[in-house]
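Step one of this worksheet: look at the structure below.
The values are calculated or read from the model by the stated rules, or taken from the named source; none is laboratory data. What you are looking at is a predicted structure, and each value in this text was computed from that prediction instead of being measured. Positions of Cβ are backbone-derived with ideal geometry, glycine not excepted, and every protein chain shown enters the neighbour counts.
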Amino acid sequence: MENANVVNNRERLPSDLQQIVTVAKYDVLKHLRSKRLLGLIILEALLLGLTFGLPIVLGADAAEDPADYMSAFIGWADILIVIGATMFAGDAIVSEFQSRTGYLLFPNPVKRSSIFIGKYLSTLGIIALMLVIYYGVAALLTFVMTGGGTVLALYSMLFACVYGAAAAALGFLISSIFKGSTGSLVLTFFALLMILPLIAQLLPIGEIKPWFMLTFCGSVISYIMIEPYPVDAMDSIPIGNGEFMTYWSYYPEVWLSLAVLAVYVVVSLGLGMYLFKRREMVS
Amino acid sequence: MDAPIQVHGLTKVYGGGFRAVDALELNVPSRSFMGFLGPNGAGKTTSIKIITNMLTATSGEAFINGVSVMRDPKTALADVGAVVETPEFYPYLTPMETLHYLGALRGMSVGESTNRGRDLLDMVKLTEWKDQRVGKFSKGMKQRLAIAQALLTQPSVIILDEPTSGLDPRGMVEVRDILKQLRKMDVTVLMSSHLLNEVQEVCTDVSLINRGKLLRSGSVADLLDEVKARKIEVKTMRPLTPDMFDRLRSVPGVKGFVVTGDLSFAIDFEGEEDAQARLLIELQNLGLMVVSFKESGLALESLYMSLIMESR
């Protein structure tokens with residue numbers, strides 16, 4: 001009688017928090033063993049190498065100010081975040097349904113919300129790791145070339161992590177809606193790379209400051225390297241016959257952008273989790 | 001003792017009004033191995049998915065060990081091992097890592113899941129693969145691993161959804177061997193299948209459903225007793241010739257027969273064991289030189305078909 005010494009499976013069930021940690025731990029393992037992370041690290045190496053090496057090869061003058069020099073590297077950070085959010089969040093939820101691993105995971109005594117949060121935390125961890133590596137190497141190269149560093153790079157990295165969290169949350173929301181991984185990945189990528197930036201570019205034409213747009217807020221990553229921090233200004237360009245067209249140059253405010261990104265995280269995750277909990281495992 | 005799995009008025013209506021499960025009532029007795037039988041589209045998998053919290057019921061309720069799956073799925077599923085459809089595994093994990101992961105979600109330490117995992121992988125004949133990533137495993141290997149993970153915490157309730165579906169003959173035999181081992185354990189098993197011989201071979205109880213409704217439920221032995229018509233396969237040393245046909249038809253209980261080969265035929269027969277014994281004597285008296293005389297495993301099929309036909 002095999003079950004004579006049966007352990008009380010109910011009593012030893014871990015708490016929701018412990019299960020979140022377990023899901024996150026094994027999801028991190030997935031990322032660490034994936035070709036996607038390797039590909040992204042290779043991309044980081046390429047960007048760092050090109051940004052560092054190309055001016056040397058071309059004999060161009062390099063900036064002597066550490067903040068200016070570092071800005072060249074940081075200019076690539078938002079694209080890395082877009083790619084990272086796409087690769088690690090874009091199909092995080094839908095893949096459980098499409099690849100049928102949900103049939104293994106869902107009949108276990110673990111809440112869908114715990115699975116969702118655990119997966120999100122692992123994605124967040126991997127994006128943060130990716131950014132720390134990138135900024136770390138960039139700071140090292142900056143030190144090599146300028147003999148100094150800047151605390152602004154640290155602020156930029158922290159903000160990049162928050163932007164990464166918001167972009168990943170949006171990816172999770174899209175992943176909770178879509179039925180297929182490809183569609184989810186493509187929409188996440190184009191939403192972050194083209195659709196949202198395009199809207200943020202068009203709104204100022206109507207003199208609307210796009211302070212609420214995710215990608216506009218994300219541009220703090222680069223602007224934070226500028227001292228003093230830029231403020232909104234009206235500019236004009238000549239359009240002929242001595243006439244000028246005036247337009248506004250809008251810049252995201254740091255604290256407001258931080259708050260907006262936090263709202264993106266909360267709303268996207270809340271909606272995504274709601275959809276994930278309601279989603280049925282059908283063939 | 002209350003049935004470990006109880007289903008009351010379970011209904012699932014999909015978009016478009018398709019009623020996959022229709023007020024299903026089901027009780028799986030403690031320590032029984034219940035076959036959940038029905039044709040394709042009968043509602044077996046939908047019912048099992050609701051019981052394992054993968055689908056939401058339109059109405060009704062399912063209880064496992066007295067806990068509502070709808071109200072408290074985490075507690076209800078704590079003592080359940082399940083294999084639903086053919087699950088896919090995380091390709092980046094090895095079988096042992098998979099068991100560690102699922103064990104950790106259920107509160108097992110790495111040491112516990114390693115020890116238990118070794119035994120289970122041995123049982124499902126995957127020991128030599130325990131450190132290989134699951135990505136390249138065959139469907140049969142994945143199905144065996146799925147059964148292993150279902151047994152990981154020694155749950156008192158095991159739910160299996162067509163565990164031999166899609167497997168090659170060798171895979172089916174291997175999984176069926178594991179199912180037979182389950183019969184010896186102190187567990188309650190609900191196993192859906194449309195393979196009648198499989199159910200008759202391994203199950204103690206059976207529930208028949210069609211169009212989402214329960215048609216009949218009971219022990220396999222009791223249900224087989226209900227089947228009056230039996231099919232008896234006979235092999236002989238001498239052929240059954242036309243001049244013997246009338247004499248064979250006149251034997252009490254014989255309802256008809258079909259010649260299946262030069263030296264074999266099948267008899268539709270109604271009667272208990274004593275009547276079967278008399279039939280055998282008559283066949284010998286015909287000079288057929290009977291080599292084998294056995295009731296075919298299709299009795300359940302007769303009941304199944306008649307109930308399915310009645311329900312239409």
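Below is a table of values for the structure above.
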{"item": "Any hit, segment B:174-192, residues being surrounded by fewer than 17 Cβ atoms within 10 Å (Cβ to Cβ), away from chain A (no Cβ under 12 Å) and not hydroxyl-bearing (Ser, Thr, Tyr)", "result": "yes"}
{"item": "Flag for B:Ala42 being in a loop (DSSP other than H, G, I, E, B), in contact (Cβ under 8 Å) with a residue 40 or more places away in the chain, more than 12 Å from chain A (Cβ to nearest Cβ) and crowded, with 22+ Cβ neighbours inside 10 Å", "result": "yes"}
{"item": "Top-ranked residue in segment B:156-172 [being modelled with pLDDT under 95 and facing another protein chain (nearest Cβ under 10 Å); ranked as surrounded by the most Cβ atoms within 10 Å (Cβ to Cβ)]", "result": "B:Asp161"}
{"item": "Residue within segment B:9-18 that is crowded, with 24+ Cβ neighbours inside 10 Å, within 16 Å of the chain's Cα centre (by Cα) and at pLDDT 95 or above present", "result": "no"}
{"item": "Residue check, B:Gly117 more than 8 Å from every other protein chain (Cβ to nearest Cβ), assigned to a helix (DSSP H, G or I), buried (at least 18 other Cβ atoms within 10 Å of the Cβ) and small (Gly, Ala, Ser)", "result": "yes"}
{"item": "Pick from segment A:10-59, criterion within 10 Å of chain B (Cβ to nearest Cβ) and in contact with a Phe, Trp or Tyr (Cβ under 8 Å, 6 or more places away or on another chain), ranking: nearest to B:Thr98 (Cα to Cα)", "result": "A:Tyr26"}
{"item": "Residue in segment B:76-92 that is assigned to a helix (DSSP H, G or I), surrounded by fewer than 23 Cβ atoms within 10 Å (Cβ to Cβ), among the hydroxyl-bearing types (Ser, Thr, Tyr) and at the interface with chain A (Cβ under 8 Å from one of its Cβ atoms) present", "result": "no"}
{"item": "Entirely in segment B:180-287, the helices (runs of 4 or more DSSP H) that have 3 or more residues that are more than 30 Å from B:Ala20 (Cβ to Cβ) and in contact with a Gly (Cβ under 9 Å, 6 or more places away or on another chain)", "result": "B:273-285"}
